[in-house]
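*Asks:* I am attaching a structure below and will ask some questions about it afterwards.
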Amino acid sequence: MPSYSVNQIFVSLADAGRELVRTRLGNRRRQPEMLAEELLSTRGEASGAALAREVIQAYALLDRDGKRGFFTHLAVQDDVDRDRVEAAIEAFRASPDDAAVRQLRAACEPRRHELFRRLNTAPDGTRRLVEMRRDLLSILPDHPALRPVDTDLQELLAGWFNPGFLTFKPIDWNSPASLLEKLIRYERVHKIANLEALRRRLGPDRRCFAFFHPTLPDEPLIFVQVALVKGMADKVQPLIDQESPTLPRGEADTAIFYSISNCQDGLKGVSLGNFLIKMVVAALQAELPQLRFFATLSPIPGFRSWLGVALERNDPIVTPEARAALATLDDPDWPHDPGKAETLKPWLMSLCAHYLVREKRGSRPLDPVARFHLGNGARMERLNWLGDISAKGLAESAGILVNYRYDQARIPANHEAFAATGEVIHSSAVKGLLPSLPAAA
């Protein structure tokens, strides 16, 4: 018996409903807003799939202003019906039974929720909705009134891209060429110059794993690159150097996660990476039982920005002595001058430890990478001086990198402590770098 993908079925339904839609709408070109309302009013599967395809095709032809208008329509015309909610509340108060609860729940759902679900039945609908949210996120900063639309779409995508629905796959040099090219394009942390550079990152002492969605089998959602090394790595350049020697398989005792890249901008805020790391650790333990340590070699993307603000506002954590030393940062060649680097090292390492451990956004670390790994149950293990001397690494964190260690025995307790209070679990080595806090005025 031949097998059929879900997308093939949606294509067949949309093709079957094409004539029904043409009869209903005629041949005149319609705006996606009007087509969306038609879609919400239809009941047939075939005509619904055909209309969903029409909405997506019409949306794709819009310019930025047209897309903003479409999202504004969804925000205003397809929002929650307040009168219906009020009526459902009164009905619940009068008779708080299960039927009233269902009625109230249905009333609180915006019409655009149902629209997004129906658009998902279009051929390649899931991919198009992810792209639609990417467009929305680019518009949102200038049009915050559209945030409820983004909230609803993110909520639906989070359900559809639940890790339980995803496929976990290793990627190697024998993977399809089109996929390898996407790795180069999507790499966000340490750029891959060309295929030869990628070949080294997929060598015998390297691993790469990704999540895929069944409706997007050719599109990685997120991937992690791993180096199998001896001892905890403290510098990234040797890990990504095309000419670096290959470590024999039996000598590796540590897996270093040195790059995690989200590939789909439209899935921002949809949690994928935390579960991916746990899957990778399990896969590597099964393949290479001699591995003793699992840790990251992570960037600190917010440190230099925070330091600039701290200097500007005369934050007392930056002492006059530190301020004088930090003037050396104005010399772009300081990392290559041993004297200047040594002058900067104690001050930058101390302030970076302060930034990572103490600077918060609410009750959580200010640094986004720290929030991710600490929330995932890792421990902040070690700061690494001049761990990334690329232009990007120097601009983000003065070249400092941090290891977050994933100790299987401690992950649950670390996660619970972070979730409960925002506690930054860190090693004695990191604690030793923390500067004394200035006395209260």
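Rule-based calculations on the coordinates, nothing more; no lab input. These numbers come from a predicted model, not from an experiment. Quick reminder, even Gly has a Cβ in these numbers, built from the backbone with ideal geometry, and neighbours come from all protein chains shown.
*Asks:* Could you tell me the largest-minus-smallest coordinate of the C-alpha atoms of region 70-228 on each of the three principal axes, in descending order and whole angstroms?
*Replies:* Each principal axis gives a Cα extent; for region 70-228 these are 69, 36, 29 Å.
*Asks:* Whole number please: convex hull volume per residue of the Cα set in the chain, in Å³?
*Replies:* Working: hull volume 97.5 nm³, N = 441.
Convex hull volume per residue, Cα atoms: 221 Å³.
*Asks:* Among the aspartates and glutamates, which have Cα under 20 Å from the Cα of residue 392 when same-chain residues fewer than 8 positions away are ignored?
*Replies:* List returned: 187, 234, 241, 330, 331, 333, 337, 367.
*Asks:* Taking only the Cα atoms of region 270-330, how large is their convex hull per residue, in Å³?
*Replies:* Details: hull volume 10.0 nm³, N = 61.
Cα convex hull per residue, to the nearest whole number: 165 Å³.
*Asks:* Also, I was wondering about something else. Quick one: which residues, 5 or more positions from residue 209 or on another chain, have an amide H under 5 Å from its amide H? H modelled 1.01 Å from N in the peptide plane, none for Pro or chain starts.
*Replies:* Counting only residues 5 or more places away or on other chains, the set is 171, 224.
*Asks:* For residue 67, what charge total do you get from the other residues with a beta carbon under 14 Å from its beta carbon, if Lys and Arg give +1 and Asp and Glu give -1? Kindly include the intermediate steps, with their values, before the conclusion.
*Replies:* On the way: positive: 64, 68, 128, 133, 134; negative: 33, 63, 65, 131, 135, 142, 150.
It works out to a net charge of -2.
*Asks:* All other residues with a Cβ under 9 Å from the Cβ of residue 125 taken together, and with Lys, Arg as +1 and Asp, Glu as -1, what is their net charge?
*Replies:* Details: positive: 53, 118, 127, 128; negative: 124.
The answer is +3.
*Asks:* Fewest first, what order do 108, 208, 352 take by the number of other Cβ atoms within 10 Å? Mind showing how you got there, number by number?
*Replies:* Values: 108 13, 208 22, 352 25.
Neighbour counts put them in this order, fewest first: 108, 208, 352.
*Asks:* Right, here's the next one. Hey, in the GNM for the chain with a 10 angstrom Cα cutoff, which one of 152, 330, 78 fluctuates hardest?
*Replies:* The residue with the greatest mean-square fluctuation here is 330.
*Asks:* Right, here's the next one. Among the listed pairs 268/345; 169/191; 278/431; 67/191; 230/360, which have their C-alpha atoms separated by more than 28 angstrom in this model?
*Replies:* Details: 268/345 35 Å; 169/191 22 Å; 278/431 26 Å; 67/191 31 Å; 230/360 34 Å.
Long pairs (Cα-Cα over 28 Å): 268/345; 67/191; 230/360.
*Asks:* Could you give the angle, 0 to 90 degrees to the nearest 10, between helix 98-107's Cα long axis and the longest principal axis of the Cα atoms of the chain?
*Replies:* Once rounded, the angle reads 80 degrees.
*Asks:* I want to check the label-to-label distance for residue 93 and residue 177. Put each point 7 Å from Cα in the C-beta direction and report it in nm to one decimal.
*Replies:* 6.9 nm
*Asks:* Next question, about the same structure. If the viscosity is 0.692 mPa s and the temperature 37 °C, what Stokes-Einstein diffusion coefficient in µm²/s follows for region 303-431 when Rh is the Kirkwood radius over Cα pairs? Before the final figure, lay out each step's value.
*Replies:* Values: Rh = 15.4 Å.
It diffuses with D of about 214 µm²/s by this estimate.
*Asks:* If you don't mind, another one. Taking neighbour Cβ counts within 10 Å as the exposure measure, how do 421, 215 sort from fewest upward?
*Replies:* 421, 215
*Asks:* Pop a pseudo-label 7 angstrom from the Cα along the beta-carbon direction at both residue 235 and residue 199 and give the gap in nm to one decimal.
*Replies:* About 2.5 nm, to one decimal.
*Asks:* In addition: Compute the angle between helix 32-41 and the longest alpha-carbon principal axis of the chain, please, reported from 0 to 90 degrees and rounded to the nearest 10.
*Replies:* 60 degrees
*Asks:* Would you mind checking the tilt of helix 411-421 against the longest principal axis of the Cα atoms of the chain, expressed as 0 to 90 degrees and rounded to 10?
*Replies:* 80 degrees
*Asks:* Using R₀ = 25 Å, calculate the FRET efficiency as 1/(1 + (r/R₀)^6) where r is the Cβ-Cβ separation of residue 314 and residue 431; round to 0.05. Please list the in-between numbers first.
*Replies:* On the way: r = 26 Å, r/R0 = 1.05.
E(calc), rounded to 0.05, equals 0.45.
*Asks:* Grab the other residues whose beta carbon is less than 14 angstrom from that of residue 373, score K and R as +1, D and E as -1, and report the net.
*Replies:* Neighbourhood net charge equals +3.
*Asks:* Turning to a different aspect of this structure: Over the chain, calculate the relative contact order: mean separation of alpha carbon pairs under 8 Å at least 6 apart, over the residue count, as a percent.
*Replies:* Values: 640 pairs, mean separation 49.3, N = 441.
Relative contact order here is 11 percent.
*Asks:* A follow-up question, please. Counting other C-beta atoms within 10 Å, which of 354, 73, 336 has the fewest, and how do the rest follow? Show your work: numbers first, answer last.
*Replies:* Details: 354 22, 73 18, 336 11.
Starting with the residue having the fewest Cβ neighbours, the order is 336, 73, 354.
*Asks:* Hey, another quick one. Looking at the chain only, what percent of DSSP beta bridges run antiparallel? Nearest 5 please. Mind showing how you got there, number by number?
*Replies:* Numbers: 28 of 33 bridges.
Roughly 85 percent of the beta bridges in the chain run antiparallel, per DSSP.
*Asks:* Run the helix sum for the chain: -39,500 (n - 2.57) per DSSP H stretch of 4+ residues, divided by residue count, reported at 222 nm to the nearest 500 deg cm²/dmol.
*Replies:* Numbers: 20 runs with 224 residues, N = 441.
One gets -15500 deg cm²/dmol as the mean residue ellipticity at 222 nm.
*Asks:* Taking Cα pairs under 8 Å and at least six residues apart, what relative contact order does region 323-441 come out at, in percent? Show your work: numbers first, answer last.
*Replies:* Numbers: 150 pairs, mean separation 31.8, N = 119.
About 27 percent, as a whole number.
*Asks:* Work out the length of the dipole vector of the chain about its Cα centre, built from +1 on the beta-carbon of each Lys and Arg and -1 on the beta-carbon of each Asp and Glu, and round it to the nearest 20 debye.
*Replies:* Details: 57 positive and 56 negative charges, 75 e Å.
Here the size comes out at about 360 debye.
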